[in-house]
């Protein structure tokens, strides 16, 4: 009996020591090391890839934003603020219905098949809106000019980037709305166009938030 109790006590003590050691190593030392390496070598990414403007955080380079006008009385869907470059549609986003204490937007895709009527209607309406909004005196957008990312949302619904083709399509409208020359706005887009990662991964892209910040600065100087 005594041996049994002693053996049990030894096993419990060994288990407790192992628990304490593993807790210190995996619960304290490892997180501290990883956090230190991340903060030291990848500070921006470790802190959410934040974008600051005039000393304030205005967003993340990884999360897309909407550039809309304030809702009018009785209006349910806001209209786009056409003086800014517009991002991709956000049809996949949902609203928080569980924790209603906070106004949260839930990321997600539409999960519609290519021949789904709702999706087809969304794409047709989005294409018509892109053609209408971006056609200005002296520049008419054709339906065939509208790229896919202008009328479809991403898998997350929060893609921060658009294609250079979609950015170029918006240049004339943005130039007119802000009293700028088309050439200057085109140069702005070119300056904010990123190539493929490592030269072969992904597609060329334009970060909409960074582009709109540069546009704001350009308008302020003008």
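Readers should treat all values here as calculations from the given coordinates under stated rules, not as data from a laboratory. Since the model is a prediction, treat every value here as computed from it, not as a measurement. Here the Cβ positions follow ideal geometry from the backbone for every residue, glycine too, while neighbour counts run over all protein chains shown.
Here are a few things to note about the model shown:
- Listed by Cβ neighbour count within 10 Å, with the fewest neighbours leading, 81, 118 appear as 118, 81.
- In degrees, nearest ten, helix 208-221 long axis to first principal axis of the chain (Cα): 50
- Once the Cα-Cα distance is subtracted from the 0.36 nm per residue extended length, the residue 187 to residue 23 segment shows a gain of 53.5 nm.
- For the chain, built as a Gaussian network whose Cα springs stay under 10 Å, the top-fluctuating residue of 21, 58, 182: 21
- Cα long-axis angle, helix 30-41 against the chain (0 to 90 degrees, to the nearest 10): 30
- Principal-axis tilt of helix 164-178 within the chain, Cα atoms, nearest 10 degrees: 60
- GNM top mover of 76, 176, 210 - the chain, alpha-carbon springs below 10 Å: 76
- Listed residues 89, 147, 31, most fluctuating in the chain (Gaussian network, C-alpha, under 10 Å): 31
- Under 14 Å from the residue 45 label point (7 Å along Cα→beta-carbon), backbone N, the stretch 194-217: 197-198
- Here the sum of -39500 (n - 2.57) over DSSP H runs of 4 or more residues, divided by the residues of the chain, equals -14000 deg cm²/dmol at 222 nm, to the nearest 500.
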